[in-house]
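The values are calculated or read from the model by the stated rules, or taken from the named source; none is laboratory data. Keep in mind it's a predicted model, so treat the numbers as computed, not measured. Here Cβ is always computed from backbone atoms with ideal geometry, including for glycine, and neighbour counts include all displayed protein chains. Heads up: the accessible areas ignore ligands, DNA and RNA and are worked out on the full protein's heavy atoms, side chains in. Shrake-Rupley method; radii C 1.70, N 1.55, O 1.52, S 1.80 Å.
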Amino acid sequence: MNNETVSYKQETVASAKTFVNRDASQTRLIAGVSVPDGPLITAVIEHAQRLSEPYLFNHAMRSWLFAEAIGRIKGIDYDREVVAIGTILHDIGLTASVSGPNRFEVNGADAALSFIKGKGLSDHRAQLIWDLVALNSTPSLALHKEPEVAVGTMGIGLDFGGFGVEALPTADVERILSAFPRLKMKLQFADACCRLVKSKPETSNDNFLRDFGERFLPGYKAVSTVDLLMNAPFDE
C-alpha cells in the first residue's frame, strides 16, 4: 500500500461527506470505539472468530475499529453495518475453511456473500461488502470506490502497514492494540501468504502474494504480464 495514496484519499472522501450514523441504531463500545451493534454484526464476529486463527481474527477486529475511528475523525458518511461486515470478514479467504479457484480475496468475498445471504441486506449493500473484501488489498482501486469500500480499506491498511496512523490519537491506537494484540502478526501473516503461494501459485501473479513468494520462497517465479503480451497468439 502507498502511504501517500491512502492519506490523500482519506482527505478527498472526507471533504465531500458529513458523518452520520446510518444503519446504526444500536451501538456499543469496543476498546473505547463506538461501533454499530446488532444480531447480524454479532453473528459476523462469531463467524470470523470460528474461521480464523487468533492473530487473524484480532487483525480483522483492529481493522474494523481503526476504520470506525478514521471515519469519525475524517467526518465520512458511510453505511457502518456494511463496513463492519466487510472489514471483519475481509481476510477469511486466508483461512483453512475457505477455498476456491480464485485469488484468496475473491474466494473470501464469495464466502462472505454466502454467509450474509438471506439476512436482509439489499443487493447493493451486499455488493459493497463483496467489493470491500475483494479489493481490500488493492488500495489503488479500493480507495476510489464507494465510501464503504474506501473506509474499510483505510482501516485494514492502517493495521497492515501503519498507513494513516498519525491521524489517530496515540491513546486510541494503544487501546485498540491492547484489546486485540497483534500476536506476531507480521510472521504469521507472511507464513499464511507463503502457504497459499506454495499450494496455489497460479493465484499469486496479480496480487500481493507475488511479493511474499519473491521474498521468501526460493525458486518462485510469477507469470510476467510482459510475457503474456509478447506471447499472445496474434500476428502483428
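The magnitude of the dipole of the stretch 74-115, with charges of +1 and -1 set on the Cβ of Lys/Arg and Asp/Glu and taken from the Cα centre, is near 100 debye. If you take all other residues with their beta carbon under 9 Å from the beta carbon of Ile176, and give Lys and Arg +1 and Asp and Glu -1, the sum is -1. Based on the alpha-carbon gyration tensor of the stretch 124-236 and its eigenvalue square roots a ≥ b ≥ c, which shape applies: rounded if a/c is under 1.5, prolate if not and a/b is larger than b/c, or oblate? In terms of gyration-tensor shape, oblate. Remark on the stretch 172-227: Rg and Dmax equal 14.9, 48 Å (Cα only). When a 1.4 Å probe is rolled over the protein heavy atoms, the share of accessible surface on the chain that falls to carbon and sulfur comes to 53 percent. Rounded to the nearest 20, the size of the Cβ-charge dipole of the chain about its Cα centre is 660 debye, with Lys and Arg at +1 and Asp and Glu at -1. Within the stretch 97-183, the proportion of C-alpha pairs whose separation exceeds 20 Å stands at 46%. Express in whole angstrom the spacing between the alpha-carbon centres of the stretch 163-200 and the stretch 41-106. Here the two parts' Cα centres lie 13 Å apart. Helices in the chain, meaning DSSP H runs of at least 4 residues, each add -39500 (n - 2.57). Divided by all residues, the mean residue ellipticity at 222 nm is -18500 deg cm²/dmol.
Quick check on the stretch 32-133: what are the equivalent-ellipsoid semi-axes from the Cα gyration tensor, as sqrt(5λ), descending, whole Å?
On the way: eigenvalues 86, 50, 32 Å².
Ellipsoid semi-axes (Å, largest first): 21, 16, 13.
Rounded to the nearest 10 square angstrom, Lys119 shows an accessible area of 90 square angstrom against a 1.4 Å probe. Rounded to the nearest 20, the Cβ-based charge dipole of the stretch 151-236 about its Cα centre (Lys and Arg +1, Asp and Glu -1) stands at 560 debye. Pairs of Lys residues in the chain that lie 8 or more places apart, or on two chains, and have C-alpha atoms under 16 angstrom apart add up to 7. Subtracting the Cα-Cα distance of Asn102 and Lys186 from their residue separation scaled by 0.36 nm leaves 27.8 nm.
For the stretch 106-207, the solvent-accessible area works out to 46 Å² per residue, with a probe of 1.4 Å and every protein chain left in place.
If you take the square roots of the eigenvalues of the alpha-carbon gyration tensor of the stretch 38-88 and sort them as a ≥ b ≥ c, do you get rounded (a/c under 1.5), prolate (a/b over b/c) or oblate? Judged from the Cα gyration tensor, the stretch 38-88 comes out oblate (a/c at least 1.5, b/c at or above a/b). Which label belongs to the value computed from this structure, given these candidates for volume of the Cα convex hull per residue in Å³: [x] 119; [y] 145; [z] 177? The listed entry that was calculated here is [y].
Rounded to the nearest 0.05, what FRET efficiency do Ala179 and Leu40 have when you use their Cβ-Cβ distance and R0 = 22 Å? The partial results should precede the final answer.
On the way: r = 22 Å, r/R0 = 0.99.
For R0 = 22 Å, the calculated efficiency reads 0.50.
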